[in-house]
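What follows is a set of notes on a single structure, which appears directly below.
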Amino acid sequence: MNCELRKNELLNEQYYEIDHDSGLKIFVMEKPDYSGAFAMFGTKYGSVDTCFRIKGEDEFTSVPEGIAHFLEHKLFESEELDAFERFSKTGANANAFTSFDRTCYIFQCNGNFKENLEILLDFVKAPYFTEETVQKEQGIIGQEIRMYQDNPDWQVLFNLLRGIYHNNPVRIDIAGTIESIAEINAELLYSCYNTFYNLSNMALSVAGNVTKDEVIAIADKMLKKEDKVEFEQIIPEEDKNVAQSCIEEALGVDIEKFALGFKESYTSPVRTAKETLLMNIALEIIAGKVSPLYSRLMEEGLINTNFGKEYFTGRGFSLPIFTGESHNPEKVRDEIIKAIESIKQNGISDEDFDVAVKKLYGAEIYRYNDVDDLAGNMLDAYFNGSDLFENITLYKSVTKEDVEKLMAVSFDVSNCCLSVIK
Amino acid sequence: MERKKIAAGVTLCTHKTNQFKTSAVSVNIITPLEENVSEKALLVHLLARTNKDCATLTQMNRRLASLYGAVLSPNAMKLGEAQVLTLTLVTIDDRFALKSESILKEGIKLLMSCLFTPDITPEGFKKENLEREKRLLSERIDSENDDKIAYALKRMTEEMCCDETYSASPLGTKERISEVTGKEVFEVWKKLLLTCPVQINVTGSFDEDKLTGIIRPYFERLERKDSDIVYPHTEFISESYGTKTVTEKQKVQQGKLVIGFRAGMTYDMDNFAAIKVMTAIFGSGTFSKLFMNVREKMSLCYYCSARLISQKGIIAVQSGVETENTQKALEAIRHELDEVRQGNFTDETLEAAKLSLKEGYLSVSDSVLSIDGWFTSQCLSGDFTAPEQYIAMTDTVSREEIIVAANMVTEDTVYILESEKEAE
C-alpha cells in the first residue's frame, strides 16, 4: 500500500492519497474541527457508457438508455436488509447519484463513522438483482422520469445537448425513457456491474472528523484484492458541426427558458484543470456580472437573476453554455455572439482579466468549506486526471493571452445551438 | 452560538469559529406578512442591488468582485405569518486576501450602506431602479410557477389558509407589484427601520468588538424605541373541520398530490418534539412509512414525503403521481397516517426517526449557511435555542407521545394537479 500526503500552504490544507492493496484509490482529508464526516464511493461509469465489452470478449454489449442510473437504484437492495434500512440504524444520511460519466454512493454522519463506511463498502460491492425487484423499480424510476419531463430547466439542457450533438451519448437522458428502462433486466445489470464496478475503476473519498487510519482499517477489512478488469468502449464518431442551430419545445411555461451552447472539438476526452480554468475566466469576462454584456441585457430587460454561464464538461463532452429566462431568447443569443466577437477582435483588457481572476480565486476558496464539497472535489479531481490543489496553484500562472487563444478556438459563433422552452 | 441585544429591537447572533474559510453576515428584518407585502419584497431587492456609493448594477457588481467575488443576495421569505426580509453577504476570510485587504470589514460596511443609504431622491426610490426590480420580481414569481413541485405546494397552502394571512406569498403579487411607486417603497423603508425587529447573524472568524462597533452606530442613529418594536403574531388553527378538495388541470406529464394537515399546535413550540418525531416516522426519510410503503412497496411514486411547518402548525405531504393513480396514492397516504395513529410502527423505525433528526441537528454546525439558517429560523422568538437542546428534546419523546401527537393531526386540504393529457 502506498500513502502520500499532499499539502497546500496557501489554503493550509492537506489530504492523503492512498493506493490500497485491493486496487482501490482512496482519498482522506482529516478535519478534526468538524462535527461530521462525508464519504463518497464512486465509479467512472455513467449514462454515456452505453456500448462496451470486457477485453477479450467477442461481442460489444449495447445497453438500454438509463441503465447506469437504474443500477444505482438497485444496488441499494440486497437479499437481506437493504442499504437504506442498514443506514437507518446508524442515523447516517445516505444517498446516491448518477451523472453522465460517474455514479457515486454517499453518506454523511455525525457518529458511527466506521460502521457507516462498512455498510457503504459492503452494499456497493454486493449486487443483488432479480427480475422481480427490477420490475418494481420500473414504476419508481418511471415517475422520476416523468418528474423531470415537467422540469423546464432540465428539459432545456437536454434539448440543447440533442441540438449540439449528433451521436455523442451525452445527448441521452440520464434516467433513460419509460420505454428504454422497460428493456432492463437482471442479466444486463450484472453485465454493467461486472465491467464498471471493478475497484480499479472506482475511488473512495472521505473528508471530515475521521483519521486516515480508520478509513484504511475499514478498507482492509471490507475489500478483497481485485484483479483489474480492462474494458473497451465504442465511442461514436461526432460531426464537427452542431446537429441543429435552434431547438424549441412547448411546455406552457410562464417565462421562456433558454440555453445557448457553443460546440467544441477536442480529440482528448477530458478537459484539463487549466483548460477548465481558462474557459471559466473567458465566461466570466464575456458574461460575468461586471461585464458590459450583463448590464446591457439586464437594463434592456432581456435577462433576469436566473441568468448564468457554465463550462459544461465531463468525459467525452465539453461545451460552454449560457442559460436563463427571457422574453426574447433569440435577441439574447445575438447579443452574446456580438459580445464574443467584440472580445475576440479587441482582446481582453488587463483590468477585466484581473477582476475575473480575482473573483474565480474567491470562488475557489469557497470550495474548501464543507465536508461534502471536499470529498466530492477530491474524487472529481482524480476522475478528471488532476489533483485537488491543482486549481489553486494555477491562478498564479494563467495569462490573458492564454484566455484569448482559447476563445479563438472554443467560441465558433457559427457553430452554436439555442434551445428554448416556451 | 450566541445571541445578544445591541440596540433597541436589534439582536446580534454570532458564531465565532476558524473552522471555515468564509464568513456570512445576514441582516433579517422581521415584518408582518399582512401589510405592504409587495412593497417590502421590492424594497429588499432594491436595497441589495444599488446604493448611494454604487449607483448602478455594474458599480455594485464591481465592488463585490473587488472583495474576491463576495456575494450579496436579497430574499423575502415566509416564516409563520411573518415576512422576513434578508440581505446576506458571504465573503472569503481575510487570511486568504492576496494583498492583506480587510474583506469582511469592507463587506459589512457595504451591507450597512445598502440598508441605510440607498440611492434615493426626495421622491423616493429612482424610477429606473424600481422598474427593473418590478420586472425581476414578477419574472421570479413566473419562474416559481413553472416549478410544478413548488407550485403545487403553494396552491395547497393558498387553498388551506384562504382565510388566513399565511396564504400570502412573501414575494407579493404581480398585480400589486406593477402599481407600487418609488415613494411608497421609500415610506415603507423608513417605517421598517424604526419599528421592525432586526436580527443580524454573523458566522465565521471576526473580532466581536470591532463587529459591534461597526454595526451598532447605524442603529443608534435612528430613533428606535423598544416600545415601538413589534414582533409579528401568527394565528394557529389546531384542528381541521373537514377536508376540502381542490383539483386543477394542466398540461403536465406527472400529476401532483399535496395534502395539508393541521398538526394540532397552538404555537410554534407546542408539543414540537413529539410532532417532529411523529412526522419523521410518517414521512421524512427513507425509514418512513411513506417511503417504505407508498414508494418502495407500491411503486406509486418517486417522491412522497411529509414535513412539519412548525411556524404555522401545518404538516404537508407532497408527491408526484400518475393522474390515474391519484386516489390510490391518497388512500395509501391516509392509511399510513392511520397506522402511526394506531401505534403500528416498530421501535426500529422510532429510533431511526430520532437518529435522523439528531443527525440533522448535529450537522448544523458544519456549514456557514446552515448556521446562518439556524439563527434565522429562530428570529421570531425572543430567545435562542441551540441545536443541542433540540437533540435533548428529541431524546425524551416516547412512543405514547407520538401516538397522541398523531391523533391530534387532522386532514384539512387535498390539492390535486391533474395531467390534462391523460384526463382527455
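Listing for the model above:
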item	result
Filtered residues of the range B:54-75 (kept if in contact with a Lys or Arg (Cβ under 8 Å, 6 or more places away or on another chain) and not polar (S, T, N, Q))	B:C54, B:L57, B:M60, B:L64, B:A65, B:Y68, B:G69, B:P74
Tally, over the range B:43-54, of residues that are among the hydrophobic types (A, V, I, L, M, F, W, C) and either without any contact (Cβ under 8 Å) to a residue 40 or more places away in the chain or within 14 Å of chain A (Cβ to nearest Cβ) (or both)	4
Complete set of residues in the range A:289-316 that are assigned to a loop (DSSP other than H, G, I, E, B), touching a residue at least 60 places away in the same chain (Cβ under 8 Å) and either at positive phi or more than 10 Å from every other protein chain (Cβ to nearest Cβ) (or both)	A:R315, A:G316
Residue in the range B:265-273 that is within 26 Å of the chain's Cα centre (by Cα), among the charged types (D, E, K, R) and more than 13 Å from every other protein chain (Cβ to nearest Cβ) present	yes
From B:L72, B:L57, B:L87, residue being more than 12 Å from every other protein chain (Cβ to nearest Cβ) and closer than 27 Å to B:E184 by Cβ	B:L87
Top-ranked residue in the range A:191-240 [being acidic (D, E) and touching a helix residue (DSSP H, G or I) at 6+ places or on another chain (Cβ under 8 Å); ranked as modelled with the highest pLDDT]	A:E214
Hey, B:Y302 buried (at least 20 other Cβ atoms within 10 Å of the Cβ) and either outside the structural domain of B:S398 (by TED's automatic domain parsing) or at pLDDT below 95 (or both) or not	yes
Residue count, the range B:96-117 (criterion: out of contact with any strand residue (DSSP E or B) (no Cβ under 8 Å at 6 or more places or on another chain) and either outside the structural domain of B:H45 (by TED's automatic domain parsing) or free of Cβ contacts under 8 Å to residues at least 60 places away in the same chain (or both))	7
Among the residues listed as B:G343, B:G382, the single one being outside any helix (DSSP H, G or I) and at pLDDT below 95	B:G382
Looking only at the range A:35-52, and only at residues there that are in a loop (DSSP other than H, G, I, E, B) and within 14 Å of chain B (Cβ to nearest Cβ), the one that is nearest to A:S191 (Cα to Cα)	A:G36
B:R132, sole failed condition from (1) in a helix (DSSP H, G or I); (2) touching a residue at least 60 places away in the same chain (Cβ under 8 Å); (3) within 28 Å of B:K251 (Cα to Cα); (4) within 14 Å of chain A (Cβ to nearest Cβ)	(3)
Unique residue being away from every other protein chain (no Cβ under 14 Å) and under 25 Å from B:G255 (Cα atoms) when the list is B:A316, B:A280	B:A316
Selection status of A:I285, in a helix (DSSP H, G or I) and surrounded by 16 or more Cβ atoms within 10 Å (Cβ to Cβ)	yes
Unique residue being touching a Phe, Trp or Tyr at 6+ places or on another chain (Cβ under 6 Å), assigned by TED's automatic domain parsing to the domain that holds B:I402 and part of a helix (DSSP H, G or I) when the list is B:I315, B:I281, B:I275	B:I281
Failed item in (1) surrounded by 24 or more Cβ atoms within 10 Å (Cβ to Cβ); (2) within 28 Å of A:R86 (Cβ to Cβ), with B:E339 passing the rest	(1)
Among (1) in contact with a Gly (Cβ under 6 Å, 6 or more places away or on another chain); (2) buried (at least 19 other Cβ atoms within 10 Å of the Cβ); (3) facing chain B (nearest Cβ under 10 Å), the one test that A:A363 misses	(2)
Any chance B:L64 is within 8 Å of chain A (Cβ to nearest Cβ), touching a strand residue (DSSP E or B) at 6+ places or on another chain (Cβ under 9 Å) and not in a loop (DSSP other than H, G, I, E, B)	yes
Residue in the range A:14-34 that is touching a helix residue (DSSP H, G or I) at 6+ places or on another chain (Cβ under 9 Å), within 14 Å of chain B (Cβ to nearest Cβ) and assigned to a strand (DSSP E or B) present	yes
Those residues of the range A:366-386 which are more than 10 Å from every other protein chain (Cβ to nearest Cβ), part of a loop (DSSP other than H, G, I, E, B) and touching a Lys or Arg at 6+ places or on another chain (Cβ under 8 Å), in sequence order	A:N384
Enumeration of residues in the range B:249-272 that are in a strand (DSSP E or B) and either within 23 Å of A:G142 (Cβ to Cβ) or touching a Lys or Arg at 6+ places or on another chain (Cβ under 6 Å) (or both)	B:K249, B:Q250, B:G255, B:K256, B:L257, B:V258, B:I259
Test: residue in the range B:158-172 that is out of contact with any Cys (no Cβ under 9 Å at 6 or more places or on another chain), surrounded by 17 or more Cβ atoms within 10 Å (Cβ to Cβ) and part of a strand (DSSP E or B)	no
Hits in the range B:352-384 - residues which are in contact with a helix residue (DSSP H, G or I) (Cβ under 9 Å, 6 or more places away or on another chain), farther than 21 Å from A:V371 by Cα and away from every other protein chain (no Cβ under 11 Å)	B:F384
Flag if B:L136 is of a type in the set (A, V, I, L, M), more than 30 Å from B:L257 (Cα to Cα) and under 25 Å from the mean Cα position of the chain (by Cα)	no
Total residues in the range A:333-360, condition over 24 Å from A:A273 (Cβ atoms), within 14 Å of chain B (Cβ to nearest Cβ) and among the charged types (D, E, K, R)	1
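The values are calculated or read from the model by the stated rules, or taken from the named source; none is laboratory data. Since the structure is predicted, the reported quantities are computational estimates derived from the model, not experimental observations. Positions of Cβ are backbone-derived with ideal geometry, glycine not excepted, and every protein chain shown enters the neighbour counts.
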